[in-house]
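Since every read-out is calculated from the coordinates, none of them should be taken as a lab result. Quick caveat, the model's predicted, so the values are computed rather than measured. Please note: Cβ atoms are built from the backbone with ideal geometry, for glycine as well, and neighbour counts cover all protein chains shown.
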Amino acid sequence: MADSPLKGVSLRGLEVFEALARTGSVAGAAARLGMSAPAVSQQLKNLDAALGVELIDHSRRPMTLTPAGRTFLRRAETALEALRKGLRDVTTLDLSGLSSLRLGVIEDFENEVTPILTERLAETMANCAFHLHTGASHTLQAQIERRELDIAIGAAGRTPPPGTRSLPLLTDPYILAVPRGHDMGAGLDGLAPLALVRRDADQVMGQQIEDYLTKEGLTPPNRFEFDSNQSITALVASGSAWTITTPLSLLRAGRFAGGIDAHPLPGAPLARQIVLYALEDWTAEIPDQIAAIARELIADHFVDPGLAAMPWLGESFRLLP
């Protein structure tokens, strides 16, 4: 009997190829899939060998598909979508046995992730009272610590709330946001003519940014301290200020994005972790499946467009398996 034409073609290889086509780089695909860059390269090499053709033109940056790659991508995406739909059909989260679910989600996800996540959860509920809270991470952590929430998605604080377990979702590195066209040749010293917009000191981001400034010996005047991401990005886009933010926050700049340039943060890498906290008395199945849905939505709405806009982020902006 002749060998199967699918011999050597793995599901992981198809996922890697799709991610490479979407992000245009090995680092981007690795970030999207929560893999290492060498593992991504090996999966693509295996797929090329199994098919007997090269799917990616490695001589260009960002990477582009070969003619064979463009043809195969359409078929691969169709197959993967069918498999994902089938997986959702047989592993649909069943909340029909719950009497209540109290979910908190960070404000960063309010426009893109939260609506789809809540829709997918709500459609599985029969007699379940579903309460959704949107807020800052420190507020959600306090709520779950007081057992006012069952599950909370937000930035990890210095210590997890007592009585919870945490599931990692995303690593979100800190970056510089400056007015469009501002010369960064002098590094942080070149920002002296601009005002620093600080985050509210109660926020997880605000605390981590202040720790960074202290470590770097920076003491800019405290002229602006906001708890509104849109107000921060608006002031930076106006040309009079700079800030320390993250890709996740910057991608929510909306109409102000055109007035902002992003740069790596000088010094040692610094990132916040986006996690799902669940009360320990919840069975693992429901938090695990909610985390899986959240990762999928975060990849589509933030990781992929973030790496397309800022490819220099590489593996620093990635899903956490």
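When the chain is described by a simple charge dipole with +1 on each Lys and Arg Cβ and -1 on each Asp and Glu Cβ, the residue from Q230, S41, T219 located farthest towards its positive end is S41.
The order of S316, S59, S137, S41, going from fewest to most other C-beta atoms within 10 Å of their C-beta, is S59, S41, S316, S137.
The Cβ shell under 13 Å around L313 holds other residues with a net charge of -1, Lys and Arg each +1, Asp and Glu each -1. About its Cα centre, the chain has a charge dipole of approximately 640 debye under the convention of +1 per Lys or Arg Cβ and -1 per Asp or Glu Cβ, with nothing else charged. For G34, the residues whose modelled amide H falls within less than 5 Å of its own, excluding neighbours fewer than 5 places apart on the same chain, are L319. At a Förster distance of 51 Å, what's the computed FRET efficiency of E216 paired with T71, Cβ-Cβ distance as r, to 0.05? The formula returns an efficiency of 0.50 here. Computed from backbone phi with θ = phi - 60° and the Karplus coefficients 6.51, -1.76 and 1.60, the 3J(HN,Hα) list for region 42-49 is 5, 4, 5, 4, 5, 5, 4, 5 Hz; x is used for glycine and proline. Of all DSSP-defined beta bridges confined to the chain, some 65% are antiparallel rather than parallel.
Panel order for W282, W312, W242, by other beta carbons found within 10 Å of each beta carbon, from fewest to most: W312, W282, W242. Database remark: amide H of A195 closer than 5 angstrom to the amide H of A241, W242 (H placed geometrically; neighbours at sequence offset of 5 or more, or on other chains; Pro and chain starts carry no H).
Mean residue ellipticity at 222 nm, helices only, the chain: -12000 deg cm²/dmol; runs of at least 4 DSSP H residues each add -39,500 (n - 2.57), and the sum is divided by the number of residues. Across the chain, Cα pairs under 8 Å and at least six residues apart give a relative contact order of 22 percent. The relative contact order of region 64-214, computed from alpha carbon pairs under 8 Å that lie at least 6 residues apart in sequence, is 20 percent.
Taking amide H as placed 1.01 Å from N in the peptide plane, I260 has its amide H under 5 Å from the amide H of R180, each at least 5 places away in sequence or on another chain. Seen from L279, the other residues with C-beta closer than 15 Å to its C-beta sum to a net charge of -3, counting Lys and Arg as +1 and Asp and Glu as -1.
Applying the Karplus relation 6.51 cos²θ - 1.76 cosθ + 1.60 with θ = phi - 60° to region 208-225 yields 3J(HN,Hα) values of 5, 5, 5, 4, 5, 4, 5, 4, 7, x, 9, 10, x, x, 8, 8, 10, 9 Hz, where x marks Gly and Pro.
Charge tally around P38: other residues with Cβ under 13 Å, Lys/Arg +1 each, Asp/Glu -1 each, net 0.
Annotation for region 196-250 versus region 46-74: alpha-carbon center distance of 42 Å. Residue exposure proxy: R223, R165, ordered by other Cβ atoms within 10 angstrom of their Cβ from fewest to most, comes out as R223, R165.
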